There are 2 protein chains.
Amino acid sequence: MFRYDNGRLVVQFQACALVKLFKKVIEMNSRKQQVIKKSQQLFIEKGYQATSIQDILDYSGISKGTFYNYFSSKNELLISIFKELAEILSDKRNEIMIGQDPADLDVFTKQIELSMKINKQHRIFTLFEEVLISNDPELKHFVKESQMKVVIWIYERLLEIFGEEKQPYLLDSAIMFVGILHQNMKYYITWHDKDASIHPVVQYSVKRMATIVEDLAHTREQLNQPSLVDKWFPNDQTDSNRLQEELKQLLTSLKKSLIAEDQRPYVELLDLIEEELLQAKHPRAFLIQTTVNSLNQAKSIDSSQLEHLKQLITNLLN
Amino acid sequence: MFRYDNGRLVVQFQACALVKLFKKVIEMNSRKQQVIKKSQQLFIEKGYQATSIQDILDYSGISKGTFYNYFSSKNELLISIFKELAEILSDKRNEIMIGQDPADLDVFTKQIELSMKINKQHRIFTLFEEVLISNDPELKHFVKESQMKVVIWIYERLLEIFGEEKQPYLLDSAIMFVGILHQNMKYYITWHDKDASIHPVVQYSVKRMATIVEDLAHTREQLNQPSLVDKWFPNDQTDSNRLQEELKQLLTSLKKSLIAEDQRPYVELLDLIEEELLQAKHPRAFLIQTTVNSLNQAKSIDSSQLEHLKQLITNLLN
DNA sequence: CAATTACTGTACCGTTAGTATAATATATTG
DNA sequence: CAATATATTATACTAACGGTACAGTAATTG
């Protein structure tokens, strides 16, 4: 499987074997995921505070030792859950964007509606609120940053939708949109049927936001300068984030065409690239490079996309 | 002090003596208030969860037995604090309204700004959030109801400001205004100087809300019917609330004129009426009646106002 | 097979909210 | 003033929690 060619290490094997190797290296599977899943269920049912570690142990069928082998604390478990959900959310949002006009307000509405659905399912708001309190500064910071990221994502989408000329007012609009949306959701859910579609709420909220954007552009009133974002998130971090977003979008699009062509194994390869590149603390360039090379064999991936992918990976790895 | 006149019990004495009697009957003073005050300080500094009961005992210099004699639990203490703050807020809001046009948007802005200031001072948002989590259903319900009351108060103010013809859209407007305001506050505070005036934020938020109201009236879009409020708060309760609000406004106005005329003792009498009428579980009609009667001697209170007061009290007591 | 690794079980620590109670101080009342 | 009632203290206690420590066991791997 490994061999030297002119002093350079070369790895060659089928996609399947590579997948196996990766799965082991990345150790993303196993019971840890199970524990996350189970505790997530418990948190949804009972809430974070109300769920004791003993509950989690009983429900997942592991011992305390194992738990603290996986997670250094209950809070760290919660962060893991949040991160996973954020990943899912981001993936699905990108999926919606494929082949669509980024400036289409309806696409944005669909993305928000989906986010709200997942939020509702997993009680993310409740968990966030529950945590904003906790004494763990790390956890607090994580949640605050997550919420900030949501605002920034919306801000950047609004930029695509309303264009550069509205830019000075779009950070304010994003902030207020989040407020409108959450508050509307809250009361709509308490007053209407719990299983009622949230679509009207989202649509209604988006419309209000659009009105606000127009109004702000007209009255030229501004509360927060969009440049404040850079202050909070250092430039290189936002740059990196942007690259990550771009990569994710590209990957989702590639995956879709692969699935359409019935070339599933390659999808797994893409998953593994994403995994190693975005999740691992120290991505192993060598493994990623190998995987990308083996993508050459996939016919449904055209060379320009592959070039784009390689470019993104190089940028992300430096 | 007591004497019988034709078989009817009559009480006659000066305002001062009456005040003393009341203070004892109502037992509102004493160290309990001190404990509330001290623990409030601790909650502001350290947060609710992070403040242990032992901290409160040490800081207020009482024993555990006394604490649990005053409050049945830590949560109940928190409710006491909330109730007191709500009282203060309501008082100050009414004070602002005296002699002003209820339809003036600037008056509303001032009321909101003041509420935000007090909220900021006492970290009410944080405490509310901190509590939304707790497992105590009573506490949760209390907080939710409090937030709902804020929305309803805003809704009723908007009704005064924008008039009946906008009524169908004012509940939605109130809900979204709360979202806009809170969200704007949150990011404004994190990005700007902590001691910066919040006036621009409030003004900005109110303007957006006004835009939304106009837009809704124009597009005729509605998410929540204002009648839903009655569903949540039974009619008699909202009626009672309205009476209470009216009483409070009248009292604040009376107090102001009394202070202007330098007749302080009567102010205390009014305080005691309010105390007994709105706080006590079973207001003693007899005591209130007596107090009101002794108000006849105050020259700065005209008879029409006194009649109004008597009418309100009768309505509230049945 | 041997050695590393993953996992279990149990006992333990410090802290927390809340209970119980006997002793003591402070008011109230006849 | 003295008897009584009430308010307060001090202390010891319970049960639950998050988290630690560690010796023993099962599974995996080269």
> Regarding residue A:46, is this residue away from DNA strand D (no atom under 14 Å from the Cβ), under 16 Å from residue A:123 (Cα atoms) and open to solvent by 50 Å² or more (accessible area, probe 1.4 Å)?
Replying inline: no
>> Condition first: touching a helix residue (DSSP H, G or I) at 6+ places or on another chain (Cβ under 9 Å), in contact (Cβ under 8 Å) with a residue 24 or more places away in the chain, within 14 Å of DNA strand D (Cβ to nearest atom) and within 13 Å of another protein chain (Cβ to nearest Cβ). Can you find one or more residues in the range A:136-148 that meet it?
In response: yes
> Can you tell me which of B:115, B:52 is within 16 Å of DNA strand D (Cβ to nearest atom) and modelled with pLDDT of 90 or more?
Replying inline: B:52
>> Residue under question is residue A:114, and the condition is that it be over 28 Å from residue A:225 (Cα atoms), among the aliphatic types (A, V, I, L, M) and away from every other protein chain (no Cβ under 14 Å); does it hold?
In response: yes
> Among B:77, B:85, B:89, which is the only one that is within 16 Å of DNA strand D (Cβ to nearest atom) and within 19 Å of residue B:43 (Cα to Cα)?
Replying inline: B:77
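Is at least one residue of the range A:83-99 within 16 Å of DNA strand C (Cβ to nearest atom) and open to solvent by 40 Å² or more (accessible area, probe 1.4 Å)? Break it down into steps so the answer makes sense when it comes.
Here is the first cut: in the range A:83-99, the residues within 16 Å of DNA strand C (Cβ to nearest atom) are none.
Among the residues of the range A:83-99, not one is within 16 Å of DNA strand C (Cβ to nearest atom) and open to solvent by 40 Å² or more (accessible area, probe 1.4 Å), which makes the answer no.
Can you confirm whether residue B:62 is outside any helix (DSSP H, G or I), open to solvent by less than 40 Å² (accessible area, probe 1.4 Å) and more than 11 Å from DNA strand C (Cβ to nearest atom)? Give the steps one after another, and end with the answer.
Numbers: outside any helix (DSSP H, G or I): yes; open to solvent by less than 40 Å² (accessible area, probe 1.4 Å): yes; more than 11 Å from DNA strand C (Cβ to nearest atom): yes.
It is true that residue B:62 is outside any helix (DSSP H, G or I), open to solvent by less than 40 Å² (accessible area, probe 1.4 Å) and more than 11 Å from DNA strand C (Cβ to nearest atom).
Quick one: in the range A:58-73, which of the residues that are under 28 Å from the mean Cα position of the chain (by Cα) and under 13 Å from residue A:35 (Cβ atoms) is nearest to DNA strand D (Cβ to nearest atom)?
Of the residues in the range A:58-73, the ones under 28 Å from the mean Cα position of the chain (by Cα) are A:59-60, A:66-73.
Cutting the leftovers down to under 13 Å from residue A:35 (Cβ atoms) gives us A:59-60, A:66-71.
Numbers: A:59: 13, A:60: 14, A:66: 9, A:67: 8, A:68: 5, A:69: 9, A:70: 12, A:71: 8 Å.
Once the filter is applied, the top-ranked residue is A:68.
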>> For the range A:65-76: of the residues being more than 12 Å from DNA strand C (Cβ to nearest atom) and open to solvent by less than 60 Å² (accessible area, probe 1.4 Å), which is farthest from the other protein chains (Cβ to nearest Cβ)?
In response: A:73
> For the range A:230-249, how many residues are modelled with pLDDT of 75 or more and under 16 Å from the mean Cα position of the chain (by Cα)?
Replying inline: 1
>> Go through the range B:213-234 and report how many residues are small (Gly, Ala, Ser) and closer than 18 Å to residue A:187 by Cβ.
In response: 1
>> As an exercise: evaluate residue B:134 against (1) modelled with pLDDT of 95 or more; (2) within 16 Å of DNA strand C (Cβ to nearest atom) and give the number of the one condition it does not meet.
In response: (1)
> Hey, among the residues in the range B:167-205 that are among the aliphatic types (A, V, I, L, M) and at the interface with chain A (Cβ under 7 Å from one of its Cβ atoms), which one's farthest from residue B:229 (Cα to Cα)?
Replying inline: B:201
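The values are calculated or read from the model by the stated rules, or taken from the named source; none is laboratory data. Fair warning: this is a prediction, and the values are worked out from it, not measured in the lab. Every residue, glycine among them, receives a Cβ derived from its backbone with ideal geometry; neighbour counts consider all protein chains shown. For accessibility, only protein heavy atoms count, side chains too; no ligands or nucleic acids. Shrake-Rupley method; radii C 1.70, N 1.55, O 1.52, S 1.80 Å.
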